[in-house]
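Have a look at the structure below before the remarks.
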Amino acid sequence: MNPPKFDRCLEDVARWASALHRGERAFVYGSVARSTALEDSDLDILVIARRTRHEVIAHTLLDLGARHDLRISPFLVESENLGTLDRQFVKSVTLEGKTLKGPPLDPTVGTLDLRPHYLVTLFLSHLAQKTKVQLSRELYGYRSTRRYKRATYVSAQRGLLDRAGGRKLGRGTVLVPAKAWPHLEALVRKYRARRWAFTVWVQAP
């Protein structure tokens, strides 16, 4: 859930967008569109308009953000240059963004069957070693074997990552489906870990 100031600012931005010139389009994307913004996040706005209008639009949006004590980061592009934008960026705006004005971006990327995931890097250096181990066991699972006399006892538990269909990409970096994000966020809060995350779109297997 976004901090309240973003909802109030979006109301003003939506009113501003409704008065854009004919053919101009505006979209919210990023953490605010995903409702995962933090207090110091930016409000990311993509605006498609003629170059001669870019400076006026940028100043207007910066002023709107200042009224709500937040930063609006406008991305301004002419319609004929849409094809030069990074494909991953366009996919993200198309699939997770919110339209403020005009038709949505080309929706054909939906045929790729892209699924939203979170790429998450965990920062645990401030935690005690015992806490790190507990978090690791819940996230990645564990399997231990011990012998007693002539018997062998195996103890195993699947971790959140395995249950959710996510995967470990490197030390402290994981990829999780968006549907599992609330569970991962709860785990991070439980152990008072820190994290950095952003959305990526991954094609279904």
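Nothing in this text is a laboratory measurement; each read-out follows from the coordinates by a stated rule. Remember, predicted model here, so these are calculated numbers, not experimental data. Note that we place each Cβ from the backbone using ideal geometry, even for glycine, and neighbour counts take in every protein chain shown.
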What relative contact order, as a whole-number percentage, does the stretch 114-203 give when Cα pairs under 8 Å and 6 or more residues apart are counted? 48
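For the stretch 137-205, run through the trypsin sites (Lys or Arg not before Pro) and keep only the ones in DSSP coil with at most 10 other Cβ atoms within 10 Å of their Cβ.
Values: sites: R137, R143, R146, R147, K149, R150, R158, R163, R167, K168, R171, K179, R189, K190, R192, R194, R195; in loops: K149, R150, R171, R192.
Taking the stretch 137-205 and a limit of 10 other Cβ atoms within 10 Å, the loop trypsin sites (Lys or Arg not before Pro) found are K149, R150, R171.
About its Cα centre, what dipole magnitude does the stretch 114-203 give when the only charges are +1 on Lys and Arg Cβ and -1 on Asp and Glu Cβ, stated in debye to the nearest 20?
Numbers: 20 positive and 3 negative charges, 106 e Å.
Dipole about the Cα centre, nearest 20: 520 debye.
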Of all DSSP beta bridges in the stretch 4-112, what percent run antiparallel (nearest 5)? 55
For the stretch 126-170 and the stretch 1-55, distance of Cα centres in Å: 43
Among P177, V133, V200, whose Cα sits farthest toward the positive end of the charge dipole of the stretch 114-203 (+1 at Cβ of Lys/Arg, -1 at Cβ of Asp/Glu, about the Cα centre)? V133
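Treat the count of other C-beta atoms within 10 Å as a stand-in for reagent exposure and order W181, W196 from fewest to most.
Working: W181 20, W196 11.
By the 10 Å Cβ count, ascending: W196, W181.
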Excluding near-sequence neighbours (fewer than 8 apart on one chain), the stretch 114-203 holds lysine pairs with C-alpha atoms under 21 Å apart numbering 7
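Quick one: dipole size for the stretch 28-173, taken about the Cα centre, charges +1 on Lys/Arg Cβ and -1 on Asp/Glu Cβ, in debye to the nearest 20. Please report the intermediate quantities before stating the final value.
Working: 24 positive and 15 negative charges, 342 e Å.
Rounded to the nearest 20 debye, it is 1640 debye.
Where does each of F89, F75, F6 land when they are ranked from fewest to most other beta-carbon atoms within 10 angstrom? Can you show the working numbers first?
Details: F89 12, F75 16, F6 22.
Arranged by neighbour count, lowest to highest, F89, F75, F6 become F89, F75, F6.
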Trypsin sites (Lys or Arg not before Pro) lying in DSSP loop within the stretch 23-112, provided at most 16 other Cβ fall within 10 Å: R50
About the Cα centre of the stretch 4-112, what is the dipole size in debye to 20, counting +1 per Lys and Arg Cβ and -1 per Asp and Glu Cβ, all else neutral? 320
Simple label model, 7 Å out from Cα along Cβ direction - F75 to V200, nm: 1.7
Shape of the stretch 4-112 from its Cα gyration tensor (a ≥ b ≥ c, root eigenvalues): rounded if a/c is under 1.5, otherwise prolate when a/b > b/c, or oblate? oblate
Calculated from the structure, volume of the Cα convex hull per residue in Å³ equals which of [x] 140; [y] 129; [z] 161? [x]
